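The values are calculated or read from the model by the stated rules, or taken from the named source; none is laboratory data. Since the model is a prediction, treat every value here as computed from it, not as a measurement. Here the Cβ is made from the backbone with ideal geometry for all residues, glycine too, and neighbour counts use every protein chain on show. Heavy atoms of the whole protein, side chains included, go into the accessibility calculation; ligands, DNA and RNA do not. Shrake-Rupley method; radii C 1.70, N 1.55, O 1.52, S 1.80 Å.
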Amino acid sequence: MAGQTSCCCSGTKSKNVLLYACSGGANVAEMSDRAARQLMREKAGMMFCLAGLGADLPNMIQQAKDADLNLVIDGCPIDCARKIFERHGLKNVQYVRVTDLGIEKKKGVPVAEADVAKVVARCKQVLCTT
Amino acid sequence: MKKLQILGPGCPKCRALAANTEAAAKALGLEYELVKVTDITEMMKFGVMMTPCLAVDGVVKSAGKVLSPDEIKKLIQ
């Protein structure tokens, strides 16, 4: 988890957006993670801990419930992250799947910057229309 | 005694949540201790990313919102 707390107290942020990346070992997971980190650097939202939700940690589930939006980036059609959110019955969620962007899932290959950019662009599109 | 914890750096919305929490606790006649957690390291132990937060006995009940006293009553009683 990132060592930074997002404070809504300044009143400058209109939405509390939490970002979650696939935690798998394939290229699409790396793209998901890098896209989420880039979005966080651009202040589109704060990365949050998917494993914490998977582990049913109450404090983390509560924060996901209270967020204005949870943006979940799954790597592939196995949709592990989506299943965690569905299990918790969370409705304030939007999903992006990396393989839906025409990117093939592979292991042990370097990630192309252009593919990360595609994921970031898709996420921004979702954020702008939600 | 309930431990009511307000997590946040201490800016106006954090203070508003603390005031509303105190008002709710008093209205309910609760025995409580109100603690303001402003240290980032302490906040991170709660797994908190959005403040202000209200936690009751260490369990986060609300994050990133300034709740009204009536909303808080439902969470702390």
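Just for the stretch A:19-37: of the residues that are open to solvent by 60 Å² or more (accessible area, probe 1.4 Å) and in contact with a helix residue (DSSP H, G or I) (Cβ under 9 Å, 6 or more places away or on another chain), which one is nearest to the other protein chains (Cβ to nearest Cβ)? Full working, then the answer.
Going through the stretch A:19-37, the residues open to solvent by 60 Å² or more (accessible area, probe 1.4 Å) turn out to be A:23, A:25, A:30, A:34, A:37.
Retained after the next criterion (residues that are in contact with a helix residue (DSSP H, G or I) (Cβ under 9 Å, 6 or more places away or on another chain)): A:23, A:30, A:34.
Details: A:Ser23: 16, A:Glu30: 22, A:Arg34: 19 Å.
By that ranking, first place goes to A:Ser23.
Quick grid of which residues meet (1) open to solvent by 80 Å² or more (accessible area, probe 1.4 Å); (2) among the basic types (Lys, Arg); (3) within 14 Å of A:Val17 (Cβ to Cβ):
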position	(1), (2), (3)
A:Gly52	no, no, no
A:Ala55	no, no, no
A:Glu86	yes, no, no
A:Gln94	no, no, yes
A:Lys107	yes, yes, no
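Among residues of the stretch A:111-130 that are surrounded by 12 or more Cβ atoms within 10 Å (Cβ to Cβ), those with a Cβ under 9 angstrom from a residue that is among the aromatic types (Phe, Trp, Tyr) and modelled with pLDDT of 95 or more, sequence gap 6+ or separate chain, pair up as A:Val126/A:Tyr95.
Where helices (runs of 4 or more DSSP H) fall wholly inside chain B, the ranges with 3 or more residues that are open to solvent by 30 Å² or more (accessible area, probe 1.4 Å) and within 10 Å of another protein chain (Cβ to nearest Cβ) are B:12-28, B:40-45. Considering each of A:Lys91, A:Lys106, A:Lys65, A:Lys83 in turn, give the residue that is touching a residue at least 60 places away in the same chain (Cβ under 8 Å) and among the basic types (Lys, Arg). Just a single option satisfies the conditions, and that option is A:Lys106.
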